[in-house]
Amino acid sequence: MGIGRKLKGWMGEERAEALRERLHEVAEQSTERHLRLAVTGLSQSGKTVFITALAHHLLQAHRSVSLPFFEVAASGRIVSTRDLSPTAPRPFPLQSALARLAQEPPAWPASTEDLSEVRLAIRYRRTAGLRRLLSETGTLYLDIIDYPGEWLLDLPMLTLDYAGWCAQQAQLFAVEPRASVAEQWLAQVRAIDWSAPADRQQIRDLSQSFADLLQQLRADPHALSLLQPGRLVLPGALAGDERLALFPLPVAEWPAGGWPPGSGGELLSQRYAGYRDDVVKPFYTRHFARFDRQIVLVDCLKTLNRGEHCFDDMKRALTSILQSFNYGRSGFLRRLFSPRIDRVLFASTKADHVTANQHHNLDRFLELIIQDAQRDIRFEGIETRCLALSSVRSTQAAEAQVDGQTLSCLRGWRKSDGEEVALFPGEVPTELPRPQDWNDERFRFIDFAPRRLPLNDLQAKHHIRLDQVLEYMMGDLFR
Ligand SMILES: Nc1nc2c(ncn2[C@@H]2O[C@H](COP(=O)(O)OP(=O)(O)OP(=O)(O)O)[C@@H](O)[C@H]2O)c(=O)[nH]1
Ligand SMILES: [Mg+2]
């Protein structure tokens, strides 16, 4: 009996087909490899800037000296990198992002409003030992998607029904700062009989005021992260869609037998199920279910500026989002049927907002934010690491003399007004600040405008540790 028939007998047609396909892929891997890298991060955490810088440095890696700790590049083994993004259905706007960073004065890319993809093919020379066994060169295909951070917040909704989601939201809205900001809206919702026939206009209006509330909680001074539904904050192509007329019902008594047919409660339950199944689920299955490795970008300095609520909320948001991914050792057989993330890097972005002697502290502070998520992931036997990075380094180190002492300072252009400043940005704590420390305006890390990123002639000074990130995420694949 042929091997194909045998396989079918053992495992059924569908699995045998999957196995055959995978064996074919594995055979091809002697010359080609594929890496799907998940860049995960809340809104404004630095995803787009990171993806832009990473693609830019990789596309120049064969002729620049910008990545000294990325072995395959530093040893001159990268032959060439091609940008295959234009072949993707929705290409990542790399050229326009680079043009903004290279213009005078340079500007950060705009906040992302839709999904897009980067595809790179990296041709490299094999290490000496493998050259004798395999071909002289190999190719690594790298896929990354970019998306608005707000949408990521919907992933945890996949495992909840409407009642479960409402209970969770009721808990969140019972404490500050949500409780005060939403006080009026909550009173309005609670005064309505949700068993009565649905009033569609009323639901539309309440949904609009809920969306306004979410915007308020997202902005300063609160800067909260765990804001759902994400499309209410950033609708993208769904702007004005009736399916988004949706909000939680934080009501005390939930009818035992469910909401009566035709009631407002029933309509909202249906809208929630529709949103979860038609909007969130396809986004997840198409783009988040199959990744090999993950980098989680976190803006730690923002939480230090904004205080304890912001810290707690970001921690909760990241922990629940990361529960949506598949982690596990990707042994050969396991990978045949369900690819899993086998390596995770947590990165504290915008490390150029602090002096170099604070980078270690930034690594440690990041550990505090992601400790719960990291514990869950490590439990699955997955390797993780924390690292502070800057994708586009925008400050320069400087020194100042104060009372006869030399202080490390930063020099750069302030993001808010473009003014050139030299300042001592302060220290990053390595332990959770005490309540009084959060409150006394101890932390005031400022945002910087970008320093011009050249289109050619990239150097190591244009980033902080981007090369270490690349080495950790994919160095082992260039053998
Ligand atoms: N100084 C400095 N600032 C950075 C760096 N990366 C990001 N930023 C700042 O962070 C802001 C947000 O970065 P983005 O890359 O657009 O963030 P995002 O995660 O894509 O945000 P959304 O698209 O809104 O989800 C930028 O406008 C910069 O102000 C960096 O390497 N250095
Ligand atoms: Mg973005």
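The values are calculated or read from the model by the stated rules, or taken from the named source; none is laboratory data. As the structure is a computational prediction, the values presented were derived from the model and not from experiment. Counting neighbours? That spans all protein chains shown, and the Cβs are built from the backbone with ideal geometry, glycine included. What goes into the accessible areas is simple: the full protein's heavy atoms, side chains included, and nothing from ligands, DNA or RNA. Shrake-Rupley method; radii C 1.70, N 1.55, O 1.52, S 1.80 Å.
A compact table of results
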| quantity | calculated |
| --- | --- |
| Residues satisfying the stated conditions in the range 38-78, i.e. crowded, with 22+ Cβ neighbours inside 10 Å and of a type in the set (Lys, Arg) | Lys47 |
| Restricting the range 300-346 to residues that are out of contact with any Leu (no Cβ under 8 Å at 6 or more places or on another chain), part of a loop (DSSP other than H, G, I, E, B) and within 26 Å of Leu217 (Cα to Cα), the residue that is modelled with the lowest pLDDT | Gln323 |
| Residue match in the range 195-207 (condition: over 11 Å from Phe247 (Cα atoms), in contact with a helix residue (DSSP H, G or I) (Cβ under 9 Å, 6 or more places away or on another chain), acidic (Asp, Glu) and surrounded by fewer than 12 Cβ atoms within 10 Å (Cβ to Cβ)) | no |
| Set Leu140, Leu120, Leu101: member being within 26 Å of the chain's Cα centre (by Cα) and part of a helix (DSSP H, G or I) | Leu101 |
| Complete set of residues in the range 436-453 that are in a loop (DSSP other than H, G, I, E, B), over 14 Å from Arg393 (Cα atoms) and either open to solvent by 80 Å² or more (accessible area, probe 1.4 Å) or not hydrophobic (A, V, I, L, M, F, W, C) (or both) | Asp440, Glu441, Arg442, Arg444 |
| Pairs where the first residue, in the range 143-155, is touching a residue at least 24 places away in the same chain (Cβ under 8 Å) and of a type in the set (Lys, Arg) and the second is open to solvent by 10 Å² or more (accessible area, probe 1.4 Å) and within 12 Å of ligand 1 (Cβ to nearest atom), C-beta under 8 Å, 6+ apart | none |
| Unmet criterion (only one of (1) over 18 Å from the mean Cα position of the chain (by Cα); (2) part of a helix (DSSP H, G or I)) for Trp151 | (1) |
| Leading residue by the ranking (nearest to ligand 1 (Cβ to nearest atom)) among those in the range 79-109 that are surrounded by 18 or more Cβ atoms within 10 Å (Cβ to Cβ) and under 12 Å from Pro450 (Cβ atoms) | Trp108 |
| For Leu297: the one exception among (1) open to solvent by 30 Å² or more (accessible area, probe 1.4 Å); (2) modelled with pLDDT of 95 or more; (3) in contact with a Gly (Cβ under 8 Å, 6 or more places away or on another chain) | (1) |
| Condition broken by Trp413, with the remaining ones in (1) touching a Ser or Thr at 6+ places or on another chain (Cβ under 8 Å); (2) without any contact (Cβ under 8 Å) to a residue 24 or more places away in the chain; (3) of a type in the set (Phe, Trp, Tyr) satisfied | (2) |
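Per-residue answers, yes or no, for (1) closer than 22 Å to Met157 by Cβ; (2) part of a helix (DSSP H, G or I); (3) open to solvent by less than 10 Å² (accessible area, probe 1.4 Å); (4) of a type in the set (Phe, Trp, Tyr):
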position	(1), (2), (3), (4)
His222	yes, no, no, no
Gln228	yes, no, yes, no
Arg243	yes, yes, no, no
Leu268	yes, yes, yes, no
Ala273	yes, yes, no, no
